[in-house]
Amino acid sequence: MSEPPPELAAPQPEARPVGFAGAVFDALASVRFALSVIVLIATVCAVGTLLPQGTEVAAYLEQHPAAARRMELFAKLGLTHVFHAWWFIALLGVLAATVVVCSARRFATLRRTTGFAQRRALGSMLTHLSILLILAGGVIRGIWGECGYVELREGESITRFQVEKGERAFPFALQLAKFEIERYREPQGPDKARGEKRNESPPHDHLIVEWPARGLSITLPASLGVERVLAPTGEPLAETNSFRITVLKHVPDFIVDSKTREVSSRSSAWNNPAILVRVKGPAYENNRWLFAKFPDFTMHSGPAQGAGPDPLRLVYETHTAVEPAVAGPIKGFKSTLKVLERGEVAQTNVVEVNRPLSYRGYAFYQTGYRPEDLSWTSLQVVRDPGVPVVYAGFGLMILGLFVVFYLNPWLANQRRRA
């Protein structure tokens with residue numbers, strides 16, 4: 001009796017590790033385990049899509065200041081930087097391990113079969129390898145990717161951008177040549193034609209001081225040079241049970257030089273108000289900058305006395321009425337950006353919402369503007385070195401699916417006809 005063709009021969013049982021390694025191998029090869037990991041990753045991605053991430057948190061808190069405590073809890077849980085968290089990268093690694101085990105099985109099948117069975121296993125293996133490349137791209141983004149923002153005015157050039165934990169440098173310079181706002185209806189009449197009226201007067205502001213250890217909270221006017229005392233009621237005033245708080249400086253439009261660390265104001269308009277506050281207490285002294293638009297961010301200034309966390313929580317709030325520049329609903333806004341290399345223009349592009357500028361691995365997305373200052377704009381900066389790997393994974397997936405769903409059936413039909 002003749003032996004069956006090699007592609008129809010019964011597959012031989014494959015060797016696998018024994019003991020604990022065998023148990024891990026079986027778990028990673030389990031379809032149920034892989035589906036559980038995929039569902040968990042999908043859930044985490046949904047959370048990361050719904051919650052503000054990274055530098056988006058400050059902008060969200062600017063519009064929803066009441067959510068500060070909730071966002072602080074989310075930050076401690078790692079839910080405000082999901083896609084860069086170590087546990088999310090670990091989940092991707094576990095899913096990649098399951099794909100590696102399945103790919104190893106497909107490769108073993110590919111080696112011991114021929115003909116149609118081999119082509120079928122080849123398509124499946126290519127699909128598994130494509131998933132590995134896509135996961136690798138996600139891990140590369142989580143480890144080496146960068147996401148931040150820049151703020152600049154017409155004519156201003158920058159070489160650094162702000163990220164969640166400091167600043168990063170560009171390998172080039174970025175200049176805002178022009179910023180434009182388009183409206184559905186042009187303003188009419190002499191009153192509207194006057195355009196923007198900028199508020200250059202100080203806002204009505206105050207300072208909220210909380211002493212959590214004593215359960216105390218007071219609201220003080222943010223007056224320059226006036227020393228205020230925070231102490232428990234019903235106790236004799238002493239240096240051991242009180243804090244002395246003084247506002248040392250007001251800055252209407254805060255900016256700090258990245259090299260000298262000197263603070264100055266970009267303009268006389270109250271676009272980014274900040275105050276320098278001195279706090280003196282029991283074995284504690286500190287000067288810190290507080291920002292009205294970024295209540296969860298502080299910057300210490302000068303030498304400090306005392307170790308450990310700050311005993312007081314300070315929040316600077318302003319109430320400034322701003323007259324809009326022009327009337328009518330906004331149709332869109334766009335920025336004309338120039339990329340400078342060695343002082344020369346390397347690229348010029350117009351950035352609009354959903355139409356970014358890409359250059360040397362960096363992508364710039366239009367995100368915001370200020371009604372009181374129509375020369376100002378903000379851009380989101382994204383650098384994702386994992387994108388080429390992800391694209392390669394999608395290309396390999398298309399090839400694998402083509403082999404599985406088109407090439408193999410066509411070859412099978414050709415074989416039957418022969």
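The values are calculated or read from the model by the stated rules, or taken from the named source; none is laboratory data. Owing to the predicted nature of the structure, the values given are computational and were not obtained by experimental measurement. With ideal geometry, Cβ positions are generated from the backbone for all residues, glycine too; neighbour counts draw on all protein chains shown.
The figures follow:
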| quantity | calculated |
| --- | --- |
| Unique residue being in contact (Cβ under 8 Å) with a residue 40 or more places away in the chain and surrounded by fewer than 18 Cβ atoms within 10 Å (Cβ to Cβ) when the list is 235, 227, 239 | 239 |
| Residue among 73, 61, 79 that alone is assigned to a loop (DSSP other than H, G, I, E, B) and aliphatic (A, V, I, L, M) | 79 |
| Residue within the stretch 14-28 that is surrounded by 14 or more Cβ atoms within 10 Å (Cβ to Cβ), among the β-branched types (Val, Ile, Thr), assigned by TED's automatic domain parsing to the domain that holds residue 112 and at pLDDT 80 or above present | no |
| Residue under evaluation residue 93, criteria (1) closer than 30 Å to residue 299 by Cβ; (2) in a helix (DSSP H, G or I), criterion not met | (1) |
| Test for residue 82: is it at pLDDT 85 or above, under 15 Å from the mean Cα position of the chain (by Cα) and buried (at least 19 other Cβ atoms within 10 Å of the Cβ) | yes |
| Pairs, first in contact (Cβ under 8 Å) with a residue 60 or more places away in the chain and surrounded by 15 or more Cβ atoms within 10 Å (Cβ to Cβ) in the stretch 161-172, second in a strand (DSSP E or B) and of a type in the set (Lys, Arg), C-beta under 6 Å, six or more apart | 161/168 |
| Failed criterion for residue 112 (all others in (1) closer than 26 Å to residue 365 by Cα; (2) surrounded by fewer than 18 Cβ atoms within 10 Å (Cβ to Cβ) hold) | (1) |
| Residue list for the stretch 214-247, restricted to those being within 12 Å of residue 280 (Cβ to Cβ) and among the hydrophobic types (A, V, I, L, M, F, W, C) | 229, 230, 243, 245 |
| Close pairs from the stretch 117-133: first in contact (Cβ under 8 Å) with a residue 12 or more places away in the chain, partner not in a helix (DSSP H, G or I), Cβ under 9 Å, at least 6 apart | 117/9; 117/11; 120/113; 121/113 |
| Wholly within the stretch 324-418, strands (runs of 3 or more DSSP E) carrying at least 3 residues that are surrounded by 14 or more Cβ atoms within 10 Å (Cβ to Cβ) | 330-341, 344-352, 362-370, 373-383 |
| Candidates 148, 137, 155 - the one that is touching a helix residue (DSSP H, G or I) at 6+ places or on another chain (Cβ under 8 Å) and either of a type outside the set (D, E, K, R) or not in a strand (DSSP E or B) (or both) | 137 |
| Residue that is surrounded by the fewest Cβ atoms within 10 Å (Cβ to Cβ), among those in the stretch 283-304 that are modelled with pLDDT under 85 and closer than 19 Å to residue 239 by Cα | 283 |
